[in-house]
Every structure is written in structure tokens, then in C-alpha cells.
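The values are calculated or read from the model by the stated rules, or taken from the named source; none is laboratory data. Not measured: the values here are computed from a predicted model. Heads up, the Cβs are rebuilt from the backbone with ideal geometry, glycines too, and the neighbour counts pull from every protein chain shown. We work out accessible area using only protein heavy atoms, side chains counted, and drop any ligands, DNA or RNA first. Shrake-Rupley method; radii C 1.70, N 1.55, O 1.52, S 1.80 Å.
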Amino acid sequence: MLNKVLRLARQTAPLLGTRWTAEPHHRWGRTGAALVHADGRRLDVLPVDGRPSHVEVTVHYPDAPLRVWEHEKPSTQFRADRPPAALADAITAKLLPLYNELYPKIVAAAATGRQADEERQAFAHQLAALVPGAEVTRTDPTPWIEYRPRRGSIESMKVQVLSRGEHIVEFRYVDDATLQALMTAYGDAVRQRPNPTAP
């Protein structure tokens, strides 16, 4: 079936335009093909479970912090033995109008999300540097900075860097002087950021 689906995709790709190509693809335990545009758009072409004579073509969006509703993910099922031109027509009529409209918005949201994540990661490392021995212990879904007691007056510290410039901070100290010094340093770090949000 793979050879049949891949052959169909390779015959269909140039009918969609010169910048479309086809390649093997595996998803959800199914092996098929993908129609890939040079700008990153991607259409998955996979066999239909329980209908070996059919393929399903679905749009693929990059991961982004944006809800994509089911009606915004058009798909079409197609008999694999029909001419590639008929599949190209179905894709052009049923999938591409909505996909072409939404794809740039999803890409922009993904880029914004990546930038925000990079800023959170950088700020997490900046906060970790305030306390000798503190470290970023995890990064997904949001960064965590932790300090575990070794020697000295700090009992423990934990920071979770959230989106929208918000942070959850937990400091535990043995003495008031250490608490005051680190809260001052943390406050200075937050104020130096653009549009700081109170933790």
C-alpha cells in the first residue's frame, strides 16, 4: 500500500504547483506519504483504516500556542485508484482555501510562542545565577529553577517561570538577612525586564 500511496502523491504533487513535492510519511501507526510545499505547508496522505482502497488527505499545522478547531482542519477521503488530477482538484477545492488562509497565522503564532519560550528560558537562567548552586532543573512546559541545601543559610528555593511574565516563587531561608538579599535581587531582575508583571 505504501508504494501505491507514495506513487499517487508523487503524481499529484506537480499538479498542485511547481513548489509541491512528495515524500514518505508515517503517522499514528500508519505509513503513507506527505505532499510538502517549499513554504512548509504539509498535507498528509494516509490509508484509511478499514478502507484499504481509500486514502485520507489532511492538513498539517506546526505546533503553536493557538487553538485550532476541528472545522479548521479540513480533510478529504479519496479512492486511491482514481486519477491524480482528480485528487489534485479535490485538494484544491476542499483543503487549500481554508488551509492557505490559516497556515500563515499558525506559523506566526508558533514563532511568537518560540520567542516567548526563549525569553522564559533566558530569564530562568538569569534567576538561577542569583543563587550560587541553583540550577534550571526542567524546561517543559515551563522552566523551573531549584536550589537544594548544601552549606550556608539557604534552606531551599524554587521558581517556576510561567507565560505572560508571571512567576511562581518559593524561597525558604534560615535567616532574615538571606531572605531580604535574595528578594531584593529577584525584584531587581524583574524590574529590568520590559513590561514586568508582579509575581
>> Looking only at the range 117-133, count every residue that is buried (at least 19 other Cβ atoms within 10 Å of the Cβ) and outside any helix (DSSP H, G or I) and tell me the total.
In response: 1
> Hey, does the range 172-188 have a residue that's within 25 Å of the chain's Cα centre (by Cα) and at pLDDT 70 or above?
Replying inline: no
>> Go through the range 72-106 and report how many residues are assigned to a helix (DSSP H, G or I) and closer than 30 Å to L162 by Cα.
In response: 6
> Restricting the search to the range 20-31, which residues are at pLDDT 90 or above and surrounded by fewer than 20 Cβ atoms within 10 Å (Cβ to Cβ)?
Replying inline: W20, T21, E23, P24
> Scanning the range 49-68 for residues that are open to solvent by 20 Å² or more (accessible area, probe 1.4 Å) and in a strand (DSSP E or B), which turns out farthest from R79 (Cα to Cα)?
Replying inline: H60
> Which of the following residues is surrounded by 13 or more Cβ atoms within 10 Å (Cβ to Cβ) and under 30 Å from S163 (Cβ atoms): A13, A34, A109?
Replying inline: A109
> Which residues, counting only those in the range 81-140, are within 27 Å of N3 (Cβ to Cβ) and of a type in the set (D, E)?
Replying inline: D81, D89
> List pairs: first in the range 161-173 and part of a loop (DSSP other than H, G, I, E, B), second β-branched (V, I, T) and modelled with pLDDT under 70, Cβ under 6 Å, 6+ apart or cross-chain?
Replying inline: G165/T197; E166/T197
> Among the residues of the range 60-87, which ones are touching a residue at least 40 places away in the same chain (Cβ under 8 Å) and within 16 Å of the chain's Cα centre (by Cα)?
Replying inline: Y61, P62, D63, A64, P65, L66
>> Please pick out the residue among P83, P104 that is open to solvent by 60 Å² or more (accessible area, probe 1.4 Å), under 23 Å from R30 (Cα atoms) and at pLDDT 90 or above.
In response: P83
